[in-house]
Structures are given as structure tokens and as C-alpha cells.
């Protein structure tokens, strides 16, 4: 399932397809870049839900997780665009984004 392009954008609100949490994308790795133990745990979690293995050669998204102080790292295959348009609550949002007309605009974007 090799995917060479990102389906989601920085500042976009996405939702985990299986766990339901939402988050704002703040960075993208175009293939898996964390350590192997984390990857194995993520694969076990997906297998416990009866889902296919996670592929390393696809975009992975760094998310500011809604209602949490944590960040999440999620494969593209496990994300979808969020239907819920309520503002995301995360203490790191204001440092990276401004909320303008319902859109998260990165403070350090190059125009």
C-alpha cells in the first residue's frame, strides 16, 4: 500500500477511524520515522481491532490531540477528515496556529 502523497494538510482537523479521537495536523512524515517498539505496539493495537497491519511507507501525521495535552502519531490509513467542526482543545494550539473562520492557520506558514 505504498502512498507517496499526503491526503491531509497542516492545520486540518482529522479523526482516527478506529479510536475516534480528533486532532489538528501540525507536521507530516512521508513515511514512518519513530522507533520500532512504538511501531510494534501500534500494529498490535490495530490487530486487536481486526484491522490490517500498518504500512511504514505512507504518510504519518503528528497531531495535537483534542481534549488532551498529548500529541498523537497516526498513519494515513487510520485517519479521515473530521466531521465534527467544534474547535479542538489543546494547550499547544495557540503557539502554532490561529483560528480564522473555522480554519487553523499555521503561524509560521510561508506564503
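What follows is calculated from the coordinates using simple rules that are stated; it is not laboratory data. These figures come from a predicted structure and were not determined experimentally. Neighbour counts run over all protein chains shown; Cβ positions are idealised from the backbone, glycine included.
Which residue pairs have Cβ atoms closer than 8 Å, lie 6 or more positions apart in sequence or on different chains, and pair a first residue in segment 84-99 that is without any contact (Cβ under 8 Å) to a residue 60 or more places away in the chain and at positive phi with a second residue that is in a loop (DSSP other than H, G, I, E, B) and loosely packed, with under 10 Cβ neighbours inside 10 Å?
That search, which allows pairs on different chains as well, returns nothing.
Take residue 8 and decide whether it is loosely packed, with under 13 Cβ neighbours inside 10 Å, in a loop (DSSP other than H, G, I, E, B) and within 14 Å of the chain's Cα centre (by Cα).
So residue 8 does not fit the description; no.
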